[in-house]
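For reference, the structure discussed in these notes is given below.
The values are calculated or read from the model by the stated rules, or taken from the named source; none is laboratory data. Note that the structure is a prediction, hence the values are computed from the model and not measured. A quick note on method: Cβ atoms are made from the backbone with ideal geometry, for glycine too, and the neighbour counts reach across all protein chains shown. For accessibility, only protein heavy atoms count, side chains too; no ligands or nucleic acids. Shrake-Rupley method; radii C 1.70, N 1.55, O 1.52, S 1.80 Å.
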Amino acid sequence: MNFRKELINHSLMTETIDQHQEGKRDVTFRVFRFNPQVDSKPYFDDYTISAERGITVLRSLNYIKEHVDATLSFRAFCQAGICGSCGMRVNGISKLACTSQVWEELDKCREPGIIKVEPLRSLPMIKDLIVDMDPLVDKMKRYSNWINSTMPLAEMGKKEFLVSEEEFHRYDKATDCILCASCVSECSILRANKEYVSPAVLLKSYRMNVDSRDSIHDVRLAELVKDHGVWDCTHCYRCQESCVKSIPIMEAIHAIREDALECRGPKDTSGAKHAEAFMEDIEKKGKLVEATLPIRTNGMVWTLRNLLPMAMKMIVKRRTPPPPPLVKSSKGIKIFRAMFREMTEHVKQDHQKSHKK
Amino acid sequence: MKPFDIVIVGGGGAGLYAAMEAMKTNPALNIAVLSKVYPNRSHTSAAQGGANAALGNKAKDDTIEMHIFDTIKGSDYLADQDAVEVLCSEAPKIIRELENIGTPWSRLDDNTIAQRPFGGAGRPRCCYCADKTGHTILQTLYEQCLRKGVIFFNEYFALNLAVNGSRSRGLIAMNMKSGRVEAFPAKTVIFATGGYAKMYWNRSSNAAGNTGDGQAIAYRAGIPMKDMEFVQFHPTGLRKSGLLVTEGARGEGGYLINKDGERFMARYAKEKMELGPRDLVSRSIETEILEGRGFESPAGKYVHLDLRHLGADLIKSRLPQIREMSLNFEGVDPIEEPIPVRPTAHYSMGGIDTDNFGRTVMDGVYAAGECACVSVHGANRLGGNSLLDILVFGRIAGHTAAEEAGKFEPGTISEEEIRVSAEELRHRMQPSGHYERYGALREELGQTLALNAGIFRESSLLHKGIEDIAELKERFKKVRVFDSSDVFNTNLMQVLELKNMLDLAETVAVGALAREESRGSHTRIDFPVRDDEKWHKHTLATLVDGKVLPGEKPVTMGRYELQERTY
Ligand SMILES: Cc1cc2nc3c(=O)[nH]c(=O)nc-3n(C[C@H](O)[C@H](O)[C@H](O)COP(=O)(O)OP(=O)(O)OC[C@H]3O[C@@H](n4cnc5c(N)ncnc54)[C@H](O)[C@@H]3O)c2cc1C
Ligand code: SF4
Ligand code: SF4
Ligand code: FES
């Protein structure tokens with residue numbers, strides 16, 4: 001052992017790890033490990049260090065990599081919450097390691113003192129905390145997540161488009177997205193159907209579709225209303241709740257749907273069928289017959305192929321919706337039906353009004 | 001692999017613009033972009049402030065001419081005036097082009113692109129998108145490249161150039177996902193790998209990967225580096241991480257306080273106080289610390305940036321990002337406590353020596369962006385000129401390479417060359433008795449650079465720095481890679497990055513020792529004034545027989561005569 005090296009290690013230790021100083025807390029990081037070259041299945045490794053206030057999860061992982069286990073693998077780049085590299089699940093929630101405080105995480109542990117760190121879900125595993133981002137990039141391509149400018153090529157660079165600050169604000173927040181894939185990992189539909197468009201891609205699609213400089217709104221929308229598109233979203237809000245940039249993703253999703261209904265009408269899509277089935281249930285029973293909704297929307301084959309695995313998991317976790325006969329009509333269904341009819345009338349009238357404008 | 005016409009190393013602003021322009025120049029070309037991170041993760045995303053262009057949207061009387069003058073003056077007259085002219089005249093065109101292809105910009109009342117004042121500029125000409133300009137520019141360029149079907153090799157780590165005498169045959173790189181070493185035979189290679197300021201490690205605002213890889217690869221292939229001694233420091237980096245607390249904090253009225261509770265800027269800039277120019281404030285903080293008036297902590301010495309008197313409301317409404325940063329990275333809420341700060345290495349003015357078309361001295365090798373030195377920034381870069389630089393010269397390099405690719409024979413890279421490269425990597429994973437930890441070396445490199453080749457430089461310090469670097473290079477030979485797996489070996493990647501930083505660090509220190517004057521970001525205590533007679537020239541550093549061979553190159557002058565740089 002090299003004496004000098006020991007000294008250096010020690011000076012680093014005093015920075016992050018020092019039992020004798022005040023304001024340190026012992027933490028165990030329980031980290032998901034998987035190296036496809038040698039491991040047949042994933043496992044967890046425990047690393048215990050003591051961390052002072054203000055230390056992030058990423059700094060702790062860096063420390064572990066430098067001093068305890070150099071094989072621990074994860075991505076990180078900017079270390080400042082702007083590049084989107086370090087998305088991972090900390091105590092079960094997808095977030096950025098570089099902006100997550102260890103001390104705050106300590107208060108959220110399921111087992112006291114143990115912070116669990118796992119890779120993002122719904123993207124193929126590569127190694128330890130690293131997942132493959134290519135599927136997300138492929139979806140950005142499929143949904144034309146770019147501006148196809150109305151400016152002729154020969155005119156490029158000669159003059160600006162005039163864009164109001166108001167229009168800018170329509171997509172300002174959406175352009176905060178750093179493609180960290182935290183929302184992707186949290187999305188409930190993606191876990192069952194990997195082909196689902198993904199919340200981040202919906203957000204980007206929305207951002208492009210409200211930009212007046214773009215010329216392929218209709219092409220993008222046509223793709224969005226196809227299978228695995230915007231209508232598959234279950235409105236669970238998990239993406240929005242987990243967005244590391246606090247972007248109101250659901251507003252974007254709603255806006256795409258409204259746009260789709262307005263432009264294309266509720267006709268040919270599975271989403272529209274979903275919407276119809278939804279209305280039908282509400283009118284009849286005053287609540288959703290969730291268990292058969294996917295079948296009526298997508299047909300039996302799709303449902304079996306795509307949702308059965310999730311259904312099995314949900315049964316195991318006792319979270320399945322009750323089977324159809326158990327769904328009784330809500331109390332007061334008559335009053336409700338009347339209200340519902342009145343509501344739909346209102347919506348129709350509003351629509352007509354706004355169309356006349 | 002099928003030979004490429006152009007291989008672009010780097011997917012930041014410079015690399016992506018080069019790719020777009022090359023495709024536009026000649027759609028038939030076979031072009032690849034290699035990047036060690038997904039392009040949208042590149043450090044260009046960190047630029048908050050904006051990009052300069054004399055659009056005249058905000059100040060109607062702004063002109064390209066004024067932009068040129070500000071840039072030359074800011075550079076302390078070390079920039080090449082013809083290059084600056086290209087930079088500033090292309091600026092309005094390139095910002096409009098970016099706008100035309102979808103970059104979101106904040107807007108003025110008349111719906112044109114918004115502009116704001118920025119340090120060293122005579123008019124408000126910095127075009128911005130809130131506080132995320134670099135991020136939105138990078139996203140737009142990436143989106144457009146996807147639209148055009150640019151071929152990306154994401155998470156490929158460039159290792160070295162294949163060279164025949166004065167001619168490149170292409171690039172050798174490691175596929176991170178598989179660990180395989182692969183050949184990219186190519187007619188032309190464009191380096192766009194970003195800056196090297198991360199060599200100051202914890203004393204740097206840069207991303208972990210800004211390790212000067214492209215420069216180091218070019219340097220080892222015999223291509224000269226230019227003006228490497230010029231590294232810009234930003235006055236307020238966070239103590240622990242070096243991450244940036246933006247100018248906004250001082251702009252809103254934050255105080256800098258030493259351990260005696262003094263607002264020490266009164267000693268250095270009586271009138272402007274905390275709002276003096278970056279280099280002056282950086283030197284002042286450093287002086288306080290060196291003279292023992294800084295705070296001490298295991299994570300280093302520092303001073304306080306105190307915002308408390310601004311009140312919780314103002315901090316929450318006007319400085320939310322800064323509050324979040326100091327909470328996230330120091331665990332300090334600026335509403336209740338002062339933020340610990342010290343100057344941080346922020347930008348590298350030096351880089352691969354190129355002409356105004358992005359060409360290097362080696363046939364078929366080009367460079368653009370922060371990794372190149374044209375030079376438009378000279379001894380000191382103005383805020384907002386770097387994004388502009390990467391866009392303008394990224395495009396020019398892409399265009400030049402596309403035009404010239406036809407001149408060169410397709411390159412070939414032999415199996416043997418690939419095998420040798422792979423062998424070298426494997427060698428580092430072999431167990432040996434005594435070994436060194438790369439983490440410690442990296443940390444020490446940053447410390448010695450900050451101490452001996454940082455804000456204040458002096459002959460004996462620089463000698464010490466050069467010795468330290470030599471010793472670290474020696475110890476590096478014993479660094480061991482513990483991760484022996486092929487799949488995504490970040491341990492290996494970080495060791496290779498350390499090697500690149502060590503090679504370049506030597507050129508920084510040697511250049512700083514040679515330049516016996518103070519100019520722009522380079523301050524010599526023993527030579528405190530600018531010496532135009534002896535040092536109005538660029539320095540070059542070329543690797544010959546394993547040693548830095550210093551050289552020089554004249555500065556291209558133009559309309560502007562040398563003047564004293566005062567603000
Ligand atoms: C905090 C901060 C704020 C800033 N603010 C501003 C500002 O307001 N205005 C301004 O003008 N400038 C600003 N700058 C400077 C500016 O952001 C950079 O100079 C600029 O973005 C550099 O762009 P680039 O394309 O040259 O390199 P980068 O964006 O750094 O891209 C480098 C690319 O090279 C790739 N690469 C590197 N090494 C390898 C390898 N070995 N193999 C394969 N690929 C590799 C990387 O993956 C990356 O894609 C700021 C810088 C910082 C640090
Ligand atoms: S709201 Fe929709 S997109 Fe968001 S997580 Fe739920 S299903 Fe996914
Ligand atoms: S929408 Fe939010 S969570 Fe999803 S990728 Fe973008 S920044 Fe990350
Ligand atoms: S490392 Fe860039 S977002 Fe965390």
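For the reader, a short list of remarks on this structure follows.
- Estimated dipole of the protein assembly as shown in Debye, rounded to 20 [Cβ of Lys and Arg +1, of Asp and Glu -1, Cα centre]: 3120 debye
- FRET efficiency for residue A:195 and residue B:424, using Cβ-Cβ distance with R0 set to 60 Å, rounded to 0.05: 0.90
- Cα centroid separation, the range A:61-133 to the range B:264-288: 39 Å.
- Accessible area buried between chains B and A, both sides summed, probe 1.4 Å, in Å² to nearest 100: 6400 Å²
- Residues of the range B:92-123 buried by at least 40 Å² of accessible area upon assembly of all protein chains, compared with the chain on its own (1.4 Å probe): B:96, B:99, B:100, B:102, B:104, B:107, B:111.
- For the protein assembly as shown, the share of DSSP beta bridges that are antiparallel, to the nearest 5, is 70%.
- For the range B:457-497, carbon and sulfur atoms together expose 54% of the accessible surface, with a 1.4 angstrom probe and every protein chain in place.
- In the range B:1-65, trypsin sites (Lys or Arg not before Pro) in a DSSP loop with at most 11 other beta-carbon atoms within 10 Å: B:60
- Spacing of the modelled spin labels on residue B:287 and residue B:180, each 7 Å from Cα toward Cβ, amounts to 5.9 nm.
- Derived scalar couplings ³J(HN,Hα) [the range B:293-299; Karplus, 6.51 cos²θ - 1.76 cosθ + 1.60; whole Hz; x for Gly, Pro]: 9, x, 7, 10, 7, x, 8
- Positive-end ranking of A:228, B:138, B:378 along the dipole of the protein assembly as shown, with charges on Cβ about the Cα centre, is headed by A:228.
- Assigned charges on the beta-carbon of Lys, Arg, Asp, Glu; chain B dipole about Cα centre (debye): 740 debye
- Cα gyration tensor category, rounded, prolate or oblate, for the protein assembly as shown with a/c compared to 1.5: prolate
- Given charges at beta-carbon only (K, R positive; D, E negative), |dipole| of the range A:52-162 in Debye: 300 debye
- Each part gets one Cα centre, and for the range B:1-58 versus the range A:165-190 those centres are 23 Å apart.
- With DNA, RNA and ligands ignored, accessible area of residue B:275 (1.4 Å probe; Å², nearest 10): 100 Å²
- Each residue of the range A:226-240 is assigned a 3J(HN,Hα), and the resulting list reads 6, 3, 6, x, 4, 6, 6, 4, 9, 6, 7, 6, 5, 4, 5 Hz, derived from the Karplus form 6.51 cos²θ - 1.76 cosθ + 1.60 (θ = phi - 60°), x at Gly and Pro.
- For residue B:555, the residues 5 or more places off, or on other chains, whose built amide H falls under 5 Å of its own are B:538.
- Surface accessible to a 1.4 Å probe, per residue, for the residues of the range B:42-199, Å²: 25 Å²
- Within the range A:146-168, the residues that become at least 40 Å² less accessible when every protein chain is included than when their own chain is isolated (1.4 Å probe; DNA, RNA and ligands ignored) are A:146, A:147, A:156, A:157, A:160, A:162, A:163, A:165, A:168.
- Among the trypsin sites (Lys or Arg not before Pro) within the range B:409-510, those in coil by DSSP and having at most 13 neighbouring Cβ atoms inside 10 Å are B:477.
- Three-way shape call for the range B:415-531 based on the alpha-carbon gyration tensor, with the a/c threshold at 1.5: prolate
- When each of A:245/B:499; A:95/B:499; B:198/B:464 is checked by Cα-Cα distance, pairs over 25 Å: A:245/B:499; A:95/B:499
- Cα shape, the range B:235-344, gyration tensor, a/c 1.5 rule: oblate
- Per-residue ³J(HN,Hα) for the range A:160-165, Karplus 6.51 cos²θ - 1.76 cosθ + 1.60, θ = phi - 60°, Hz, x for Gly and Pro: 7, 6, 8, 10, 6, 4
- Surrounding net charge for residue B:86, when Lys and Arg each add one and Asp and Glu each subtract one, Cβ distance under 12 Å: -4
- Chain B - share of DSSP beta bridges that are antiparallel (%, nearest 5): 65 percent
- Top positive-direction residue, dipole computed over the protein assembly as shown with Cβ charges, set B:405, A:101, B:195: A:101
- Label zone of residue B:337 (point 7 Å out along Cα→Cβ, amide N under 15 Å): in the range A:102-129 this covers A:102-104.
- Mean projection area, nm², convex hull over Cα of the range A:129-200: 6.9 nm²
- The portion of the accessible surface of the range B:235-344 made up by carbon and sulfur, rounded to a whole percent, is 49 (1.4 Å probe; DNA, RNA and ligands excluded).
- Once backbone amide H atoms are built at 1.01 Å from N, residue B:242 has no partners under 5 Å, excluding neighbours fewer than 5 places away on the same chain.
- Per residue Cα convex hull volume in Å³ - calculated over chain B: 148 Å³
- Per residue, the range B:415-531 exposes an accessible area of 39 Å² to a 1.4 Å probe, with every protein chain left in place.
- Amide H partners (placed H, <5 Å) of residue B:189, local residues excluded: B:7, B:365, B:366
- Listed residue (A:181, A:135, A:117) projecting farthest to the positive dipole end of the range A:117-187, Cβ model: A:135
- For the range B:459-567, the list of GluC sites (Glu not before Pro) that fall in a loop by DSSP and count at most 13 other C-beta atoms within 10 angstrom reads B:516, B:561, B:564.
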